[in-house]
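Step one of this worksheet: look at the structure below.
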Amino acid sequence: MSDVLVALDVPTLGEALALARRVEAHVAGFKVGLELLHAEGPRVLREVVALGRPVFCDAKLHDIPATVARAAARLAACGVRWVSAHALGGPAMLEAAAAGLAGTAGVLAVTVLTSHTGDNLAALGIACPLDEELARLACLAAAAGAEGVVCAPSDLGVVAAAAPGLLRVTPGIRGPGDAADDQARVATAATARSAGAHYLVVGRPITGAPDPAAAARRFGVGFEGTLE
Ligand code: C5P
């Protein structure tokens, strides 16, 4: 049983479905992110859901609570399993997201983006240490009814200690020889699993591979040793 959610970061529904079908035997589910959602609209969610796997709609909601509740309800109607919302939107907004999903899907709170470092956060006026910010946002997410958090591999220990009941979904996964791309805090699948990730989000190392199915298989549980 795989714990990999493949990020279908492609611009068209056709490419997303072709990619999903190539890798589906080796993955737990799919993530639809901003590029695909904005290019194709909610029909892409219904089409990917129809493949029969859990779908994480990475909508990264961040607005006033009423707007977020209504947007979340529209996404839940497409049959997705999880929807992301920025924890920085605050407790009322996260509660509104959960209310909008009405129990049919769970909120995954985005804590600190994997592209951020402590220095970036300081430039945004978040002066406390990264771990302190992470713990605060994880506790806030749990109290507001989120099912889980999206956090970087290096954040897993802090998040698990601060809010042990939350599902931990972790992007920023790379094979030992892979480029980090724009991710600032990356780790291998084996490292993320041993640090307590429940699901791994993997994009470019699978979607950009010459053989995405083979790459997806290598990121699966127990196959880490075959990664190059
Ligand atoms: O290609 P790569 O493996 O870096 O893709 C990571 C995916 O996870 C992207 O779709 C990105 O939007 C998403 N993500 C992330 N960091 C977060 C939340 C989501 O990289 N904190």
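The values are calculated or read from the model by the stated rules, or taken from the named source; none is laboratory data. Since this is a predicted model, take the numbers as computed values, not measurements. Positions of Cβ are generated from backbone atoms using ideal geometry, with glycine treated the same way; all protein chains shown enter the neighbour counts.
Which residues, counting only those in the range 100-117, are in contact with a helix residue (DSSP H, G or I) (Cβ under 8 Å, 6 or more places away or on another chain), over 13 Å from residue 81 (Cα atoms) and of a type in the set (A, V, I, L, M)?
Residues satisfying the conditions are 109, 110, 112.
Would you be able to say whether some residue in the range 9-28 is modelled with pLDDT of 95 or more and within 26 Å of residue 139 (Cβ to Cβ)?
Within the range 9-28, not a single residue is modelled with pLDDT of 95 or more and within 26 Å of residue 139 (Cβ to Cβ).
Results for (1) touching a Cys at 6+ places or on another chain (Cβ under 9 Å); (2) more than 24 Å from residue 173 (Cα to Cα); (3) of a type in the set (D, E, K, R); (4) within 15 Å of the ligand (Cβ to nearest atom), shown as yes or no for each residue.
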{"site": "1", "(1), (2), (3), (4)": "no, no, no, no"}
{"site": "6", "(1), (2), (3), (4)": "no, no, no, yes"}
{"site": "9", "(1), (2), (3), (4)": "no, no, yes, yes"}
{"site": "18", "(1), (2), (3), (4)": "no, no, no, no"}
{"site": "29", "(1), (2), (3), (4)": "no, no, no, yes"}
{"site": "34", "(1), (2), (3), (4)": "no, no, no, yes"}
{"site": "37", "(1), (2), (3), (4)": "yes, no, no, yes"}
{"site": "53", "(1), (2), (3), (4)": "no, no, yes, no"}
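Does residue 213 count as near the ligand (Cβ under 10 Å from one of its atoms) and more than 15 Å from the chain's Cα centre (by Cα)?
no
Considering only the range 66-79, state which residues are assigned to a helix (DSSP H, G or I) and closer than 21 Å to residue 45 by Cα.
67, 68, 69, 70, 71, 72, 73, 74, 75, 76
Please enumerate the residues belonging to the range 80-125 that are under 25 Å from residue 54 (Cβ atoms), assigned to a loop (DSSP other than H, G, I, E, B) and among the β-branched types (Val, Ile, Thr).
Listed by number, the residues that qualify are 80, 104, 111, 112, 114.
Can you run down the residue pairs with Cβ atoms below 6 Å, 6 or more apart or on separate chains, where the first is in the range 126-150 and closer than 11 Å to residue 111 by Cβ and the partner is acidic (Asp, Glu)?
Hits for this filter: 134/155.
Six or more apart or on different chains, Cβ under 7 Å: which pairs go from a residue in the range 190-211 that's without any contact (Cβ under 8 Å) to a residue 40 or more places away in the chain to one that's crowded, with 20+ Cβ neighbours inside 10 Å and of a type in the set (S, T, N, Q)? Could you list them?
Sorted first by the residue in the range 190-211, then by its partner, the pairs are 192/170.
Provide a single number: the residues in the range 158-179 that are more than 17 Å from the chain's Cα centre (by Cα), within 22 Å of residue 7 (Cα to Cα) and surrounded by 13 or more Cβ atoms within 10 Å (Cβ to Cβ).
The total comes to 2.
Against the definition (among the aliphatic types (A, V, I, L, M), in contact with a Cys (Cβ under 6 Å, 6 or more places away or on another chain) and buried (at least 16 other Cβ atoms within 10 Å of the Cβ)), how does residue 80 come out, yes or no?
Yes.
Of a type in the set (S, T, N, Q), free of Cβ contacts under 8 Å to residues at least 40 places away in the same chain, farther than 15 Å from residue 150 by Cβ and touching a helix residue (DSSP H, G or I) at 6+ places or on another chain (Cβ under 7 Å) - does that describe any residue in the range 59-68?
No, because not a single residue in the range 59-68 is of a type in the set (S, T, N, Q), free of Cβ contacts under 8 Å to residues at least 40 places away in the same chain, farther than 15 Å from residue 150 by Cβ and touching a helix residue (DSSP H, G or I) at 6+ places or on another chain (Cβ under 7 Å).
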